[in-house]
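> Before anything else, here's the structure in question.
The values are calculated or read from the model by the stated rules, or taken from the named source; none is laboratory data. What you see is a predicted model; the values in this text were computed from it and never measured. Please note: Cβ atoms are built from the backbone with ideal geometry, for glycine as well, and neighbour counts cover all protein chains shown. What goes into the accessible areas is simple: the full protein's heavy atoms, side chains included, and nothing from ligands, DNA or RNA. Shrake-Rupley method; radii C 1.70, N 1.55, O 1.52, S 1.80 Å.
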Amino acid sequence: PRHMDSVLDILDALESPARGGSPGTTAALGRGLGVCSTPGCRAVLGEPFGTPERPPALTPGQWQLLTELLHHNPATPELGVVLAPDGSTVALGPLLAGIEAGLRSGGFGQPLPTLDPPADSLLVVTIAEALGTSFLLAQGDDNATALGPGGCWDDVENPQNYTLGDPPFPVPNPVAIGAMNGMALGVWLARGPLSVAELLRGYYGTGNGSEAGRSPSSYRRRDFGALVGQGRLEKEVVAVLGVLRMLSPTSELLRDVGTQEVAAVAQRAAREFSERYVECPAIVPRCLWGARPYRGTPALLRPPLGSVFLHHTLEPARPCQTFGACSRAMRDMQRFHQDTRGWDDIGYSFVVGSDGYLYEGRGWHWVGAHTKGYNTQGFGIGIVGDFTATLPDPDTLALVRDELLPCAVRSGHIQPDFTLRGHRQLVHTDCPGNALFQEIQGWPSFQ
């Protein structure tokens, strides 16, 4: 299965001291298989040493899977991705490139070269080069973007094939996720070499649908923003394009591009990346949590809408802290809404888990069934749990208040002067619970 657990089994075998392995084994093997195939990445990590042969520690099946995952082909980025236990889809290329750069900057293996002009090696191999070259291709078209979309697995229990949404862009969601993870883990490894398998296991959690609680990887957006920030990212995109200009032969992309154009490309790339992947929360699509089809014909919303209605789910009463638990909660709610209530679909527009993710219900485009009499006027946001006496954890509250709502305004889904209300203000109900209702009365836009 193309699951992170399969990769961890391979890394355990490669890094086994009894078999002569080490943390650097994985990085060197990844580069030999094609992880680092772009000019900027090779300027940092170096050329591969030739096509590697199967290490004795790996079975033929493991070697075939690793070869397929790490052979980089820009035309088919979806082939180099795996499903992580937190429900995210991760491209292994930028992840392993960041890991190698971190190991080497921490003194494990050959030192990293000094780039001219100076550029951050870790950012070059994870995201800066990909952003710079992709947005150069998109320049001149104000409506074009180089980012996204996401996609879907054929089976989250036994993932084999991942299909990107249409149209695929040069930096799809899994590449952005792999880059943010590679950056965070590279910084960690720069402090001192660790077992890569052990590091990844602690970062993503273990097991498909682990019940151990929220994983550190679910904080990737916050962590990347703290490490890099939009201003630094813009500066590093300019720097990496300068590095590419100095390489021989000069990239065709940069042949007639002046410094002002480079600055504009970098500014746009950093702004769009930050808005999409740092300031806005991640949304788990319906296909990933196992949604049933919509019954009937959905009715279109007409954004921007003027209201947001906040709910608690009541059932399940316990907040969900893992992808597995939140996905089950979504399926249970949809089954109840469709089979017992007789609705066309799960009623909420979005549901918020305590695992750090939004789960797509009716989404941004379709009328929900969340606030009777007002469904065409606003989006219904449910938070998993019973918040009569207790509140969601501070991170979950911040996800809604500080990320989801401002992001929905910026993206044109809700009006800048929108009003936030609790479900009980419009319908005879205790929802969203006394504790949560008291909390939101202090939020901006509450009416």
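> Output yes when any residue across the stretch 298-318 is buried (at least 22 other Cβ atoms within 10 Å of the Cβ) and either modelled with pLDDT under 95 or in a helix (DSSP H, G or I) (or both), and no when none is.
No, the stretch 298-318 contains no residue that is buried (at least 22 other Cβ atoms within 10 Å of the Cβ) and either modelled with pLDDT under 95 or in a helix (DSSP H, G or I) (or both).
> Restricting to the stretch 134-160, what's the tally of residues that are without any contact (Cβ under 8 Å) to a residue 24 or more places away in the chain and open to solvent by 70 Å² or more (accessible area, probe 1.4 Å)?
Residues meeting the conditions: 5.
> Scan the stretch 261-275 residue by residue and report those that are surrounded by fewer than 20 Cβ atoms within 10 Å (Cβ to Cβ) and touching a strand residue (DSSP E or B) at 6+ places or on another chain (Cβ under 7 Å).
Glu272
> Looking only at residues in the stretch 325-340 that are over 25 Å from the mean Cα position of the chain (by Cα) and open to solvent by less than 60 Å² (accessible area, probe 1.4 Å), which one is nearest to Ile383 (Cα to Cα)?
His337
> What's the number of the condition Arg104 fails, among (1) at pLDDT below 95; (2) touching a Gly at 6+ places or on another chain (Cβ under 6 Å); (3) buried (at least 18 other Cβ atoms within 10 Å of the Cβ)?
(2)
> Of the numbered conditions (1) buried (at least 24 other Cβ atoms within 10 Å of the Cβ); (2) modelled with pLDDT of 95 or more, Thr322 fails exactly one; give the number of that condition.
(2)
> Moving to a separate point now. Search the stretch 1-52 for residues being closer than 16 Å to Glu68 by Cβ and in a loop (DSSP other than H, G, I, E, B), and hand back the single one that is modelled with the lowest pLDDT.
So the residue we want is Thr51.
> Looking at the stretch 343-391, which of its residues are open to solvent by 40 Å² or more (accessible area, probe 1.4 Å) and of a type in the set (Val, Ile, Thr)?
Thr376, Thr388, Thr390, listed by residue number.
> Here's a follow-up. Only residues in the stretch 64-88 that are at pLDDT below 90 count as the first member; pair them with residues that are open to solvent by 50 Å² or more (accessible area, probe 1.4 Å) and part of a strand (DSSP E or B), Cβ under 6 angstrom, at least 6 apart or cross-chain, and list the lot.
Here the result reads none, with nothing in the stretch 64-88 linked to a residue that is open to solvent by 50 Å² or more (accessible area, probe 1.4 Å) and part of a strand (DSSP E or B).
> While we're looking at this one, here's another question. Mind listing just one residue for me: the one in the stretch 81-135 that is charged (D, E, K, R) and in a loop (DSSP other than H, G, I, E, B) and, of those, farthest from Ser195 (Cα to Cα)?
Only one residue fits best here, namely Asp116.
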